Amino acid sequence: MNKALRTLLIEKQKVIAERWCQEVLDTYPKDTAKFLREKNDEFANPIGKSIKQGIEETFAALIQEGKEEAPSFLKDIIQIRAVQDFAASEAVGFVFFLKRIIREELGKAAEEEKIAKALLEFEAQIDQLALASFDIYAQCRNRLADIKIMELKKMTYRLLQQANLVTPRSDNEEDQSSEPEPFLVNTKRKEVVT
């Protein structure tokens, strides 16, 4: 990164990080955003704390050219947004807010030739960060889907047990498939004589 751009970004680091955090919070419903902004206690408001800390650390890592570290700072934010009612574009789209905020904060300085060229390179890093954020989001959503599938399997097994339709496997039964089944379903129904 160009030294002049880094100096400008370091000077405006606090303002840029605060604006970015505010814009992330604005993506939440009005009452939620108000709560996340006003409660500063990390125990009463762990989500707000994670967002603020993640934003500050991510921007600091980008300025210090810690490209490898930046996605790890966003991981908590992405994980939080992955379990909330955000579409994928909304969950990771906040990363792109940073580009606009930086340009607005730099003002006329962003138009100088050397700064403008360095700023384009810096924005490419932000784009890479957005792609890494989407990967994190996809991993989280896949993990959530796996958890839901396992819960559904457990629930089905418990229902079959309650209906007395589960027969324990005997050790001498051979399985025809590559994956052994944890139980057999007893399809023989007991006849009720009245």
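The values are calculated or read from the model by the stated rules, or taken from the named source; none is laboratory data. Nothing here was measured: the structure is a model prediction, and the numbers come from that model. Counting neighbours? That spans all protein chains shown, and the Cβs are built from the backbone with ideal geometry, glycine included. The accessibility values were calculated without ligands, DNA or RNA, using every heavy atom of the protein model including side chains. Shrake-Rupley method; radii C 1.70, N 1.55, O 1.52, S 1.80 Å.
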Inset, instruction - Consider Gln162 carefully, then state whether it is out of contact with any helix residue (DSSP H, G or I) (no Cβ under 9 Å at 6 or more places or on another chain), exposed (fewer than 10 other Cβ atoms within 10 Å of the Cβ) and modelled with pLDDT of 85 or more. - result: yes
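Determine if the stretch 117-126 includes at least one residue that is closer than 25 Å to Lys12 by Cα, at pLDDT below 90 and surrounded by fewer than 15 Cβ atoms within 10 Å (Cβ to Cβ). Can you show your working first?
If we filter the stretch 117-126 for residues that are closer than 25 Å to Lys12 by Cα, which is where we start, we get 117-126.
Checking which are at pLDDT below 90 leaves us with none.
Within the stretch 117-126, not a single residue is closer than 25 Å to Lys12 by Cα, at pLDDT below 90 and surrounded by fewer than 15 Cβ atoms within 10 Å (Cβ to Cβ).
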Inset, instruction - Out of the residues in the stretch 13-60 that are in contact with a Phe, Trp or Tyr (Cβ under 6 Å, 6 or more places away or on another chain) and among the small types (Gly, Ala, Ser), state the one that is nearest to Glu123 (Cα to Cα). - result: Ala17
Inset, instruction - Specify which of the listed residues (Ala124, Ala138, Ala130, Ala116) is over 20 Å from Phe73 (Cβ atoms), among the small types (Gly, Ala, Ser) and outside any strand (DSSP E or B). - result: Ala116
Inset, instruction - Please work out which residue is nearest to the chain's Cα centre (by Cα), limiting yourself to the stretch 6-44 and to residues that are assigned to a helix (DSSP H, G or I) and among the hydroxyl-bearing types (Ser, Thr, Tyr). - result: Thr32
Inset, instruction - Select from the stretch 94-110 the residues that are in contact (Cβ under 8 Å) with a residue 40 or more places away in the chain and either crowded, with 16+ Cβ neighbours inside 10 Å or not in a helix (DSSP H, G or I) (or both) and list them in ascending order. - result: Phe94, Phe97, Leu98, Ile101, Ile102, Glu105, Leu106
Inset, instruction - Could you please tell me which pairs satisfy a Cβ distance under 7 Å, a separation of 6+ or placement on different chains, a first residue in the stretch 14-31 that is open to solvent by less than 50 Å² (accessible area, probe 1.4 Å), and a second residue that is basic (Lys, Arg)? - result: Cys21/Lys52; Leu25/Arg37
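Tally time: how many residues in the stretch 81-93 are part of a loop (DSSP other than H, G, I, E, B) and buried (at least 17 other Cβ atoms within 10 Å of the Cβ)? If you could, list the steps in order and put the result at the bottom.
Residues of the stretch 81-93 that are part of a loop (DSSP other than H, G, I, E, B), as a first pass: 84-87.
Then drop every residue that is not buried (at least 17 other Cβ atoms within 10 Å of the Cβ), which leaves 86.
Looking only at that region, the number is 1.
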Legend entry - Residue in the stretch 70-80 that is under 14 Å from Ala138 (Cα atoms), assigned to a helix (DSSP H, G or I), hydrophobic (A, V, I, L, M, F, W, C) and open to solvent by 10 Å² or more (accessible area, probe 1.4 Å) present: yes
Inset, instruction - Can you give me the number of residues within the stretch 127-144 that are over 22 Å from Arg103 (Cα atoms) and open to solvent by 30 Å² or more (accessible area, probe 1.4 Å)? - result: 8
Inset, instruction - Please state which of the following conditions Ile47 fails to meet, knowing it meets all the rest: (1) open to solvent by 50 Å² or more (accessible area, probe 1.4 Å); (2) assigned to a helix (DSSP H, G or I); (3) in contact (Cβ under 8 Å) with a residue 40 or more places away in the chain; (4) of a type in the set (A, V, I, L, M). - result: (3)
